[in-house]
Amino acid sequence: MTMATETFYYFAYGSNLLAKRIHIQNPTAVRKGYGYLEDYSLDFFHYAARWRGAPATIVEQRGKKVWGAIWEIDNSNLADLDRQEGVHNSVYKALKLPVVMPNGTAMDCRVYQLVTSPYCLAPDAEDRPYERQPSKTYMNIIINGAKETGLPDDYITLLKRIKHNGNTGDPQLSLELEKPIDEL
């Protein structure tokens, strides 16, 4: 007789890198470390009113890596995470992908990707179109989460070079999540 798994692993590469952010709707989340998706690139697409800019997604791109946090979450929060990611509105879709950890081992994690994937654009592209620019608030949260997670310095430097649209996001969410704010 096998026991049912009571938790799942989730790979966060956007705002859910930050513990304060993921715990808003997923209080059972426990950070288990970090890793990367191989042959994917970080991108931004599909303007989101709450963030007042384009949210993050992953796009297949050979030879690239997207770093992020690995969270272990109780199954009781799975529907909450799906709702947060807009699965019910066909904004994001859930995937199960191998995440490579710093020691070289891989583990399967739940990952979200926008349903409508853009053509691949380098994260730090100078000519990033306005509709594909994240808000300043969103990028501050991602960068603070990347630092909190302990992601590699060169990846954090890449995140800081991503062109944002200067907008601030949802004021209530921003006040809570951007403290302390790191200027871009």
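The values are calculated or read from the model by the stated rules, or taken from the named source; none is laboratory data. The structure displayed is predicted, hence computed values, not measured ones. Neighbour counts run over all protein chains shown; Cβ positions are idealised from the backbone, glycine included. Only protein heavy atoms, including side chains, enter the accessible area calculation; ligands, DNA and RNA are left aside. Shrake-Rupley method; radii C 1.70, N 1.55, O 1.52, S 1.80 Å.
Points to keep in mind about this one:
- The numbered conditions (1) open to solvent by less than 40 Å² (accessible area, probe 1.4 Å); (2) assigned to a loop (DSSP other than H, G, I, E, B); (3) closer than 26 Å to Ile24 by Cβ are all true for Cys109 except (2).
- Residue in segment 119-153 that is farthest from the chain's Cα centre (by Cα), counting only those that are over 15 Å from Arg52 (Cβ atoms) and open to solvent by less than 10 Å² (accessible area, probe 1.4 Å): Arg128
- The residues of segment 28-79 that are part of a strand (DSSP E or B), in contact with a Phe, Trp or Tyr (Cβ under 8 Å, 6 or more places away or on another chain) and open to solvent by 10 Å² or more (accessible area, probe 1.4 Å), listed by number, are Val30, Arg31, Lys32, Tyr34, Tyr36, Val59, Glu60, Gln61, Lys64, Lys65, Trp67, Glu72.
Here is a yes/no grid of residues against (1) within 20 Å of Ile162 (Cα to Cα); (2) under 15 Å from the mean Cα position of the chain (by Cα):
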| residue | (1), (2) |
| --- | --- |
| Leu42 | yes, yes |
| Ile58 | yes, yes |
| Gly63 | yes, no |
| Trp71 | no, yes |
| Leu78 | no, no |
| Val91 | no, yes |
| Pro102 | no, no |
| Arg110 | no, yes |
| Thr116 | no, no |
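- Cβ separations smaller than 6 Å between residues 6+ apart or across chains give no pair from segment 3-21 residues that are under 13 Å from Val99 (Cα atoms) to residues that are in a helix (DSSP H, G or I) and at pLDDT below 95.
- The number of residues in segment 80-95 that are open to solvent by 50 Å² or more (accessible area, probe 1.4 Å) and at positive phi comes to 1.
- Subset of segment 154-183 that is open to solvent by less than 10 Å² (accessible area, probe 1.4 Å) and part of a helix (DSSP H, G or I) - its residue that is modelled with the lowest pLDDT: Leu177
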